[in-house]
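Computed from the coordinates by the stated procedures, all read-outs in this text should not be read as laboratory data. Predicted, not measured: the structure shown is a model, and the values here were computed from it. Because the Cβ atoms are built from the backbone with ideal geometry, glycine has one as well, and the counts that use them run over all protein chains shown.
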Amino acid sequence: MFQATLGSQDVAQSAVNIPEIDWQAISPVVVVFVAACLSVLVEAFLPRERRWSVQVTLSLLTVVVAGLALGLYVNSDAVVGTGGITVAGQAVPLFSADYPALFLWGTLLALSFGALLLIADRSVDGGAFASPVPPAPGGDPVQYQAPGRQTEVFPLALFALGGMMVFLAANDLLTMFVALEVLSLPLYLMCGLARRRRLISQESAVKYFLLGAFSSAFFLYGLALLYGYAGSVRLVDIAAATAGTDRPETLLYAGFGLLVVGLLFKASIGPFHAWTPDVYQGAPTPVTAFMAACTKVAAFGAILRVLTLAFEASSWEWRGVLWAVAIVSMLIGAVLGLTQTDMKRMIAYSSIAHAGFLLVGAIAMTEDGLSGTMFYLLAYGFTTLAAFGIITLVRDGNGEATHLSQWAGLAKRSPLVAVTFAFLLLALAGIPMTSGFMGKLAVFSAAIADGMAPLVVVALLASAIAAFFYLRVIVLMYFSEPAQDGPTVSVPGAFTTAAITLGVVVTLLLGVLPAFALDWASVGGFVS
Amino acid sequence: MLLLVTAHLVLAALLPTVSRWLGRWAFAVGAILPAVSLGWALTSLTEVLAGGTVDESVAWAPVLGLTFTLRLDILSLLMIFLVSGVGVLILCYCVYYFKPDAQSNSRTSALLVAFAGAMLGLVLADDLFTLYIFWELTTVCSFLLVGQDGNTKQQRRSSIQALLVTVLGGLSMLLGFVLLGEQAGTYRISEIVASPPAAGALTSTALVLILLGAFTKSAQVPFHTWLPGAMVAPTPVSAYLHAASMVKAGVYLVARLSPAFSDHTPWWPLIATLGIWTMLIGGYRALFERDLKTLLAYGTVSQLGFLMVLMGAGSHTVAMAGATMLIAHGLFKSTLFLVVGIIDHQAGTRNIDELSGIRRRFPVLTVIGAIGALSMAGIPPLFGFLGKEAAFEGFLESGTTGDLVVLVGLVLGSALTAAYSFRFLWGAFGTKPGVEDSSAPKPSLGLMVPAAVPAALTLLLGVVASLFNALATTYAEPYPAGDHPYYLALWHGFSLPLLLSAVVVASGVGLHLARDRVVRLGGWLPDFLQAQPGYERTVAGLDTVSYAVTGRFQAGSLPTYLAIILLTFVLVPGSAVLTGGSMPEELRLWDSAVQVPVAILVLTAAIAVTMAKRRMTAVILTGVVGYGIGAFFVLDGGPDLALAQFLVETLTLVAFVFVLRRLPSRFTQVESTRSPRWPKVAVSVAAGALVAVSALVFSGARQAPPEASEGFVEAAPEGAHANNVVNAILVDFRAFDTVGEISVLAVAATGVASLILATRRARRPSAAEETEGPRKSREVRK
């Protein structure tokens, strides 16, 4: 099938077209991929005891360098916002570094910097990742102290990051699909790497993989149908095809539906959310943080791009469906979150609800909707990153103490951790002076301006229900007597401290001074 | 103005450090800023009374249309008297109230100052969003202040209820603000009030939503239950937040918007109904409370209902009454709370049944408390009396039926108020037979002065009634005054309001004297009038739904998850296919007869897989399906594709075999019952059928010519000198793809080889590799 779909343009022009590559524009992506390959080599050739320090340095450096490259490009004299990889004769790049992509790249790099810090921290209990060495015969396979440290997670994370960056910048569905796989496969593996509670970790990896494979198949099927409809996999061509032709609409709708299933799955939007709680709970917490923050950015970047570039003209037909999806997602996240007793599962449901809020902005299809959604992604990413960072700190003898009852009275034992976590929960609930409020305000006002008031009513209702379970945690931390043999709060290592501080500072900053980020988010739209 | 608000927040951030040196004197440091605010408000008094305003505006996030806009007018000024004036008193009181070495001092002082700042911002805000932001900040501060040491389940529940109810109200208010702002085309409150949007469904919805916010914040029925619950907070905090300032925010909002909306349909009827209901229920419940503080809390609920009615009515005299009552309530309620705080502090209890003989021990305190309570009861010559008189007069003026009904409600409510005021006096200071006199040390001057100041003001403003007249008149200016504008005075001659006041006081005394009989009622209320069960049922209902849904759909079962995705697939794109698609006109059953047995083979194998009990059988049957597909390729003239398919199938099979050697030979899942499988069968059959149907529909729906294949066929002879187009594609046109595929195969083969090696190395099953095995084979298949 691939051979057939890719072929049309270059054969028709019967000459080899070398795509025009604006190296500076795509330099951040290049840096990440090159570093990912280097990281694999390090894994293969460096002696085991030196790998950890080299991998940490390499991956953190990569993100910094990629960020610098991005900054240089944005501030350079070049015409920013039109670069990428362009096939000659095409107006729109195949892979576009337009303004939304640049903004989200920046977001992704900043978030993954934080996530990598969490991944790299091994001051608490030796880190979260298992060594690949199997347990000794007769040992307990469920939990064991492995010698050595897992460093495979670094190249995996870098590949996933690269995949995400391509995913949200791809202007044709095939590139998007390849990127989807590049970002997904490492994530599946990373979920199974937990050092403690290995069975649940591996179960989560298998579930994520199986369901993910299904959703990828849906994406691919939808892609094929859209190709059948439009005769091209390029988003702009699909848009052109949808604008007033007598083509059979069946292919369009069915293709759109299947494609969107794949995208919604990655963004963990209900009713395609089922994997989220299990995977968030099972995966090592730093990986969960990485997934929760970065995957969401990538998936919504792609959703925004696909909806805006390819399906804007047909928006009246599909809007109803996505309304329903957004409502389902918000309600599922908010209502099911109420009864969760596990901290990580609770935040997973919260992420489902947030995905619903984000979708409200994404289907607004206006400039405000675009910038609001991107701002929301930035805000949510940092808040959730810091929240997971804090979860890694509260531990008992069996590793992280994620059961809610274990957090009772935390404020008495560790006021600083409690106050930080309370602040983050308030941000997730969307209380003013936090980034969560600004994000919701941006998204909801865009939605109202686009005539989606009923949806916003549901969104506010869901926010209120969701606020209940965030606040319940705060009450639990502040009002309860600490349990007798409750968990201890570990002194965070420098890396975790840095990651949490980063998250908290950004959450506060975006809540108090949102203007600079909002301005940047609304510089320009997709190039089409 | 913004500077003042910011200074509060900055000081709040610094106070924890300050309190490390100064201990509880940090409260006194904190009192400086409210004092400055109060002074600033007093200096602006003349300008504001002349009808002027002070405006200030700072752009915050222009992209979102967020601007901090502050504006000082008469209403803000009145509120600042409460917020900053009472704030100074409370903070000074705190210095002597809290233990010197209490750990919570730094936190409490910081939060109180932050709250004072937020409240100042709230009453000054001239922008709906600015108002909302400060509104929620006060909620959060209140929550944290209430949460001092709630160790019992009851306390936890009440504090979360307080937060939940007010946050819910706040969110609905935000929605109302957005709707109102969109209707009016501006978010400036002063502009909206100056030219309100036309009446209509949207405006009405917005108003109801805003009122919901106001009602929850100001503890109106049916949301009032959070306020008595919040009395777990230390007394100074309760006095400040839950009597004088924060709970007035809802009343303030109503007062702010009433000039524009008092004649809109839902506004006044809603306020009047709920306000009077609140006034009655709060007063009724206060008659039975044994805890002095909770008694005052129900009293506050009742008075807030009263204030709601006064602020929402929209007539000149009633508005004057509203302004008067607003300040009067702030004064007498803070007096009473501080007095209760002193009693609690000195005697160690605030239970009516345990206190006795306080009057003899603390005569000065008794006088202070009596002034407060009598002002609450509406006894002349105290300030509370002025407000109540004006209210009665205001509702008598028009003489319409509606106003008279309201008046009856207010008189009844006032009677209850008088009754519980007397009950308070008796309970706090009285000597009860059979109860030992409470032994209590003398309170320090630092505790007495903050309580005495508002009591003195209550007396002063009552006796010299004209002092407040200008303020009340200026506040009521937006409403048209009659020919003889009302003025505040102790003596208006023998008039109907005076008579009503006498009735109120008399029935209050009567109710109090009959307290033994009243108490026997035990605060009984018919079920449908109780708000608490409603709240509890809502929360429990949400929990039940959540448990049910989680149990059914989120049990960690992969088949369930898959079923959800498949069902969505069947329903959404499936319905599009079935409704919009059309079958191709010409359908052949088969192209060649050989296809039939192959198809039967594939189908049988596919069905058999689902029934297989041994892993190996299942794998082999899956292989049969794959080989069958390969056979179709051969039959349709694609030998190269078939070859690839056979290769992949074989490789997969080999990989599977090596993995399966380490697994039990049978599937471990026990099939205890047959019935639960049917839903799964139904879902998978539906999904499969849909895929089959869509394949048919899509093949018929395609219109564009197959450009790619035609292009390849055209280009093959010249471009690649090839007669076989498949060959040309594989080695020429898409050579890189071929290389890629070969490398994938190579990688997969390496994986298989490593599996073989791994089997030699270890006999024990390793969890890690079990999951990796199938994954590799999956990748190959893609």
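For segment B:275-523, a/c is not less than 1.5, where a ≥ b ≥ c are the root eigenvalues of the C-alpha gyration tensor, and a/b tops b/c. That puts it in the prolate class. Cβ crowding within 10 Å ranks B:553, A:516 as A:516, B:553, fewest other Cβ atoms first. Spacing of the modelled spin labels on residue B:484 and residue A:505, each 7 Å from Cα toward Cβ, amounts to 7.0 nm. Taking 7 Å steps out from each Cα toward its Cβ at residue B:56 and residue B:737 produces label points 6.9 nm apart. Compared with the alpha-carbon gap, the fully stretched path from residue B:663 to residue B:555 is longer by 36.4 nm at 0.36 nm per residue. Extension gain, residue B:578 to residue B:506, is 18.1 nm, computed as 0.36 nm per intervening residue step minus the present C-alpha separation.
When each of B:355, A:476 is scored by the number of other beta-carbon atoms lying within 10 Å, the sequence from fewest to most is A:476, B:355. Rounded to the nearest 20 debye, the dipole size of the protein assembly as shown about its Cα centre is 4940 debye, using +1 on the Cβ of Lys and Arg and -1 on the Cβ of Asp and Glu. A straight chain from residue A:78 to residue A:48 at 0.36 nm per residue would run longer than the Cα-Cα distance by 6.4 nm. Picking from B:594, B:664, B:459, whose Cα lies most toward the positive end of the charge dipole for chain B (charges on Cβ: Lys, Arg +1; Asp, Glu -1)? Of B:594, B:664, B:459, it is B:664.
In this simple spin-label approximation, residue A:18 and residue A:488 carry label points 7 Å from Cα along the Cα→Cβ vector, and these lie 6.3 nm apart. Assign one of three labels to segment B:393-529, namely rounded, prolate or oblate, based on the Cα gyration tensor with a ≥ b ≥ c the square roots of its eigenvalues; rounded applies when a/c is under 1.5, prolate when it is not and a/b is larger than b/c, and oblate otherwise. It is oblate, given that a/c is not under 1.5 and a/b is not larger than b/c. Counts of other chain beta carbons within 10 angstrom of each beta carbon in peptide B:136-142 average 3.
Dipole magnitude for segment B:275-523: about 780 debye, using +1 per Lys or Arg Cβ and -1 per Asp or Glu Cβ, origin at the Cα centre. In this structure, the amide hydrogen of residue A:20, modeled 1.01 Å from its nitrogen in the peptide plane, lies closer than 5 angstrom to those of A:86, A:87, A:88, counting only residues at least 5 positions away or on a different chain. Taking a straight Cα-Cα cut-off under 21 Å and skipping sequence neighbours fewer than 8 places away in the same chain, the lysines within cross-link reach of residue B:333 are B:217, B:248, B:293, B:388.
A simple count of charges around residue B:329, restricted to other residues whose Cβ falls under 14 Å of its Cβ and scoring Lys, Arg +1 and Asp, Glu -1, yields +3. By the count of other C-beta atoms within 10 Å, a proxy for reagent exposure, B:484, B:492, B:264 are ordered fewest to most as B:484, B:492, B:264.
Cα axis of helix A:435-449 to longest principal axis of chain A: angle in degrees, 0 to 90, nearest 10? Rounded to the nearest ten degrees, it is 30. By the equivalent-ellipsoid construction on the alpha carbon gyration tensor, the protein assembly as shown comes out with semi-axes of 67, 33, 28 Å, ordered largest to smallest. Total lysine pairs in chain A at Cα distances under 24 Å, for residues eight or more apart or on different chains: 10.
With the helix formula -39500 (n - 2.57) applied to DSSP H stretches of n ≥ 4, chain B reaches a computed 222 nm mean residue ellipticity of -24000 deg cm²/dmol. Note on residue B:571/residue B:678: beta-carbon distance plugged into 1/(1 + (r/R0)^6) with R0 of 30 Å gives a FRET efficiency of 0.95. Panel values: chain A, Kirkwood radius from alpha carbon pairs, Stokes-Einstein at 4 °C and 1.567 mPa s, translational diffusion coefficient 56 µm²/s. When shorter helices are ignored and each DSSP H run of at least 4 residues is given -39500 (n - 2.57), the per-residue value for chain A at 222 nm works out to -22500 deg cm²/dmol. Excluding residues on the same chain fewer than 8 positions from residue B:613, give the aspartates and glutamates whose Cα lies under 20 Å from its Cα. By straight Cα distance, residue B:613 reaches B:671, B:770. To the nearest ten degrees, helix B:445-463 and the longest principal axis of the Cα atoms of chain B are 70 degrees apart.
Across all Cα pairs in chain B, the calculated P(r) in 20 Å bins from zero up to the longest distance comes to 14, 35, 16, 19, 14, 2 percent per bin.
Assuming a ≥ b ≥ c are the square roots of the Cα gyration tensor eigenvalues, decide whether segment B:1-265 counts as rounded (a/c under 1.5), prolate (otherwise, with a/b larger than b/c) or oblate. Note, shape of segment B:1-265 comes out oblate.
Farthest towards the positive end of the charge dipole of the protein assembly as shown, among the residues A:222, B:715, B:381, is the Cα of B:381, using unit charges on the Cβ of Lys, Arg, Asp and Glu. As a calculated quantity, the FRET efficiency between residue B:538 and residue A:341 at R0 = 30 Å, using C-beta atoms, amounts to about 0.90. What do you get for the angle between helix B:383-398 and the principal long axis of chain B? Use alpha-carbon atoms, 0 to 90 degrees, nearest ten. Tilt relative to chain B: about 80 degrees. Rounded to whole numbers, the Karplus 3J(HN,Hα) couplings from phi for segment B:140-146 are 5, 4, 4, 4, 5, 6, 5 Hz, using 6.51 cos²θ - 1.76 cosθ + 1.60 with θ = phi - 60°, and x at Gly and Pro.
With viscosity set to 1.306 mPa s at 10 °C, what whole-number translational diffusion coefficient in µm²/s follows for segment A:229-363 from Stokes-Einstein and a Kirkwood radius over Cα pairs? Roughly 102 µm²/s, to the nearest whole number. Within 10 Å of the Cβ of each residue in B:573-579, the mean number of Cβ atoms contributed by other protein chains is 6.
For the segment B:553-563, counting C-beta atoms of other chains within 10 Å of every residue's C-beta and taking the mean gives 5.
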